[in-house]
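Contents: one structure, followed by commentary.
The values are calculated or read from the model by the stated rules, or taken from the named source; none is laboratory data. Keep in mind that this is a model prediction, so the values were computed, not measured. Counting neighbours? That spans all protein chains shown, and the Cβs are built from the backbone with ideal geometry, glycine included. Each accessible area value is taken on the protein alone, full model and side chains, heavy atoms only, with ligands, DNA and RNA left out. Shrake-Rupley method; radii C 1.70, N 1.55, O 1.52, S 1.80 Å.
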Amino acid sequence: MRKVLVSKVACETALGAGPEQLWEQLLAGSSGIRPLTRFNCENYTSSLAAGIDDLVAPSGGSRHEDLLNRLADQLGPVPADSQLLVASTKGEIDRLEASCRRSEPVPREALFEPLLEKVSRRFALADCSTNINAACASSTIALARAAALIAHGQAESVLIYAADLLSEFVFSGFSALQALSPTPARPFDVGRQGLNLGEAGAVLLLTSEQRLVDK
């Protein structure tokens, strides 16, 4: 089997932009969990989450578009023949949420096919793409799938785009399940009370060793 290399990485999280800043904040013990101001949490079991507060939705668009553009700008150009795997469980959920509040039909843009097209177009990829929707395991499965494609000679380069937004739709669901912690989560503590939701995006470019040698 061929060796698989991670040649490029980009990310946007509640702790900042880029893998270097994320790593520094983690080493410093920083937390992105803070009170939510995006929507009213009065009737929910928690008011805390790790959101990217400065994401902006363009007129008639989605905050996911801002996240996509930030990740693409941060990553830079990728080989046009890269296969694309998108790992997302909710996609542009804020579009669905907005249409439901206005009692409008679900827009096509809230579905996954337009999201795949948008991501592929933003990275100028010629190949078709696939969305992997497996809840919390989505990005891990996408990474394993991408590595397998390259290792077995079915691809020279694979781009993994993993992103999900924090929305009231998702937040209310976890609250109904009594799964949200009213304080910052302590997952291994005897007094743990639940989890805190968050949002983030990450992009990894996996390539074969030969592709980098040829480059």
Worksheet item: Only one of Ser47, Ser30 is in contact with a Cys (Cβ under 8 Å, 6 or more places away or on another chain) and of a type in the set (S, T, N, Q); which?
Response: Ser47
Practice prompt. Any residue in the stretch 56-81 that's under 19 Å from Leu22 (Cβ atoms): show its pairings with residues that are open to solvent by 20 Å² or more (accessible area, probe 1.4 Å) and not hydroxyl-bearing (Ser, Thr, Tyr) at Cβ separation under 6 Å, as long as the two are six or more apart or on different chains.
Written response: Asp66/Val56; Leu68/Arg122; Ala72/Arg122; Leu75/Lys8
Practice prompt. Look at the stretch 163-178 and say how many of its residues are out of contact with any Asp or Glu (no Cβ under 7 Å at 6 or more places or on another chain), in contact (Cβ under 8 Å) with a residue 40 or more places away in the chain and open to solvent by 20 Å² or more (accessible area, probe 1.4 Å).
Written response: 3
Fill in: Test: residue in the stretch 190-198 that is free of Cβ contacts under 8 Å to residues at least 60 places away in the same chain, surrounded by fewer than 19 Cβ atoms within 10 Å (Cβ to Cβ) and either aliphatic (A, V, I, L, M) or under 23 Å from Pro58 (Cβ atoms) (or both)
yes
Discussion item. Residues that are of a type in the set (Gly, Ala, Ser), at least 2 per element: which helices (runs of 4 or more DSSP H) completely within the stretch 96-181 meet that?
Written reply: 138-151, 168-176
